[in-house]
1. In the full protein assembly as shown, how much of Asp139 is accessible to a 1.4 Å probe, in Å² to the nearest 10?
2. So if we plug the beta-carbon distance of Leu169 and Thr146 into 1/(1 + (r/R0)^6) with R0 = 41 Å, what FRET efficiency do we get, rounded to 0.05?
3. In the structure shown, do any of Lys80/Lys107; Lys71/Lys163; Lys99/Lys163 have a Cα-Cα gap over 24 Å, and if so which?
4. Net charge near Pro105, counting Lys/Arg +1 and Asp/Glu -1 over other residues with Cβ under 9 Å of its Cβ?
5. With θ taken as phi - 60° and the coefficients 6.51, -1.76 and 1.60, list the Karplus ³J(HN,Hα) couplings across the range 107-123 in order, rounded to whole Hz; mark glycine and proline as x.
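The values are calculated or read from the model by the stated rules, or taken from the named source; none is laboratory data. The structure presented is a predicted model; accordingly, all values stated were derived computationally and were not measured. For neighbour counting, all protein chains shown are included, and Cβ atoms are generated from backbone atoms with ideal geometry for every residue, glycine included. Accessible surface is based on the protein model in full, side chains and every heavy atom, while ligands, DNA and RNA are left aside. Shrake-Rupley method; radii C 1.70, N 1.55, O 1.52, S 1.80 Å.
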Amino acid sequence: MIKYLEYFLTFVTFAAVNKINTMEYRLSIKDTDYNSPALDWLRCGQKMGWVKVVEQVSSLQLPDIDLRMQKIFHELEAKKIIKHKYDYAWIMQLIDEKKIEEVAPFKTVPSFRSYLLQLGIEVAGVSTLSQYYNTVTGDYPNWEFTDTDNRGERLRRINVAGKFYAAYLNDVNRGFSEDLSE
């Protein structure tokens, strides 16, 4: 489960003499990201009183398919199959070829990246993902890559997609057999 903290931000500005303007925003931050240096301003704002915590959401329940995808991504990272943050480009390519039936193809790289971020996956930026995604030609598993002639790198990239696909099918079959045993 991904835990989020909801913040209600009130910014006070002085537009003219003796006139105070306030702007209010609502912000959701994953609890794991709260201590990142990029959010020093938020912690400081809480201490100063211009940022208030409105509610703390205990968890965000993701749909079953998203929880399964999240689990698979974490397993592949732990096994060092996904070595680079741009390796998700090969998985997007596989999904877009409609090899994963439960997941609709992503129309754009930003939408896929946004999906991964929602799952708590650290991924390369949009331009890097796009750069690698656009190097793929052909259909899986016979992909070719326009940015490398290195046979080992070509096989590594295809294997990233293949290991993801195998993990996905294994998870689907495991879930199917668990449903039968109930």
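1. Counting only protein heavy atoms, Asp139 exposes about 100 Å² to solvent.
2. On the way: r = 29 Å, r/R0 = 0.70.
Efficiency, from the Cβ-Cβ distance: 0.90.
3. Working: Lys80/Lys107 28 Å; Lys71/Lys163 13 Å; Lys99/Lys163 13 Å.
Result: Lys80/Lys107 exceed 24 Å.
4. Values: positive: Lys98, Lys107; negative: Asp96, Glu97.
Local charge sum for Pro105: 0.
5. In residue order, the calculated couplings are 6, 9, 4, x, 5, 5, 4, 4, 4, 4, 5, 4, 7, x, 9, 7, 9 Hz.
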